[in-house]
1. Which one of L146, L187 is surrounded by 14 or more Cβ atoms within 10 Å (Cβ to Cβ) and modelled with pLDDT of 80 or more?
2. Filter region 105-138 for residues that are closer than 17 Å to S176 by Cβ and open to solvent by less than 40 Å² (accessible area, probe 1.4 Å); which is modelled with the highest pLDDT?
3. Considering region 23-39 alone, what residues qualify as being without any contact (Cβ under 8 Å) to a residue 24 or more places away in the chain and more than 21 Å from F104 (Cα to Cα)?
4. Which residue is farthest from R239 (Cα to Cα), if the candidates are limited to region 164-184 and must be of a type in the set (A, V, I, L, M, F, W, C) and open to solvent by 10 Å² or more (accessible area, probe 1.4 Å)?
5. Restricting to region 204-220, name every residue that is touching a helix residue (DSSP H, G or I) at 6+ places or on another chain (Cβ under 7 Å) and open to solvent by 20 Å² or more (accessible area, probe 1.4 Å).
6. Can you tell me which of V200, V223 is in contact with a helix residue (DSSP H, G or I) (Cβ under 6 Å, 6 or more places away or on another chain), at pLDDT 85 or above and surrounded by 16 or more Cβ atoms within 10 Å (Cβ to Cβ)?
7. Are there any strands (runs of 3 or more DSSP E) wholly within region 5-101 with 3 or more residues that are crowded, with 23+ Cβ neighbours inside 10 Å and in contact with a Phe, Trp or Tyr (Cβ under 6 Å, 6 or more places away or on another chain), and if so which?
Amino acid sequence: MTQFRILVVDDEPLARASVIGVVKGDVEVAAIDECGDGFSARDAIERQRPDIVFLDIEMPGMDGLRLADALPPGGPVVVFTTAYSEYAARAFDVAATDYVLKPFSRERLLESLVRAKRRVRERRLGQLASEIVETPADVPDHGTRLSIKHGDRTLVVAADDLLWVEAQDYCVMVHSTRGSHLLRASLASFETRLDSARFVRVHRAALVNVAQVREMIDRDGMVLVLSDGSEIGVSRARRHQVEAMITRRTLPSR
C-alpha cells in the first residue's frame with residue numbers, strides 16, 4: 001500500500017487540529033507532523049521530507065506563499081488552507097495543487113487530499129521515467145506527434161490527444177487520453193515542440209491543450225476543467241492570455 005507523510009503548517013493550533021483530524025483517518029497516511037510558522041516548516045521540510053504539505057498563507061515571519069515559492073525541485077505537493085480568497089491566483093503561480101478556503105467541510109479537505117495523493121503518485125512513477133525522443137523525420141508537421149520510448153517500445157501520441165503538461169522536478173508529466181507519461185525534459189524545451197496556437201502556458205509549471213478545455217470556472221481565480229475532469233488553475237499573470245485563447249472557442253462559463 002502506498003503511504004504518505006504529511007506536514008500541516010498553520011499558526012493557529014485549532015486550525016492545525018482541524019486538518020489533522022480529517023487526514024489522520026486516511027489509511028494511507030503514515031505520519032503527520034505539524035508546525036506553527038513558516039521558518040520551522042521550512043526546516044521540517046528539509047529534515048522530514050513530507051510528501052504533502054497543508055499550508056496556511058498568513059503567518060508571522062515567512063508566509064505560506066513565500067515558503068511555497070522557495071521550495072526546491074522535488075519538494076512536497078502543496079495544498080493551501082486559508083481564510084482569504086484573494087491569494088488564490090498567486091497560489092497557482094507557485095504551482096499549488098489545491099486551494100482550500102476556511103472554514104472547510106470534511107468532504108472538501110478529503111477531496112484536496114485525494115488530489116494531492118494522486119499528484120504524489122504521479123511523481124513516484126517518475127522513478128520509471130521514459131525518455132523523450134524526436135518525432136520521426138518523415139513527419140514534417142511541427143508538433144503533430146510525440147514519440148515516447150518505453151524500453152524496446154515507442155508509443156506515438158498525437159498532439160491532439162494531449163490534455164496538459166506539468167513540470168515535475170527536472171522532468172515533465174504529460175497527461176494524455178492514453179495515460180500519463182513522465183519524460184526527461186524541461187517544460188520550456190517541451191513547449192517549443194508544441195503548436196503555440198493550440199497549447200497555452202497557464203502558470204509557470206503547466207501547459208494546457210486549449211482544445212481539451214470544457215469549462216472555465218471563476219473560483220477565487222480561474223480554473224480550467226478539461227475533458228477528463230482535471231481542474232487546472234490559471235495564474236493571475238497569465239489569465240488574460242488564457243482567456244483570450246479559450247474564448248475564441250464556444251465554452252460554457254460560470
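1. Answer to the selection: L187.
2. The residue in question is E122.
3. The answer is F39, and nothing else.
4. Initial filter on region 164-184 (of a type in the set (A, V, I, L, M, F, W, C)): 164-165, 167, 171-174, 182-183.
Then drop every residue that is not open to solvent by 10 Å² or more (accessible area, probe 1.4 Å), which leaves 164, 167, 171, 182.
Numbers: W164: 16, A167: 19, C171: 25, L182: 27 Å.
Among them, the one singled out is L182.
5. Of everything in region 204-220, those that are touching a helix residue (DSSP H, G or I) at 6+ places or on another chain (Cβ under 7 Å) and open to solvent by 20 Å² or more (accessible area, probe 1.4 Å) turn out to be R204, A211, M216, D220.
6. Values: V223 fails: in contact with a helix residue (DSSP H, G or I) (Cβ under 6 Å, 6 or more places away or on another chain).
The match here is V200.
7. 77-82
The values are calculated or read from the model by the stated rules, or taken from the named source; none is laboratory data. As the structure is a computational prediction, the values presented were derived from the model and not from experiment. In this analysis, Cβ positions are derived from the backbone assuming ideal geometry, glycine residues included, and neighbour counts consider all displayed protein chains. We work out accessible area using only protein heavy atoms, side chains counted, and drop any ligands, DNA or RNA first. Shrake-Rupley method; radii C 1.70, N 1.55, O 1.52, S 1.80 Å.
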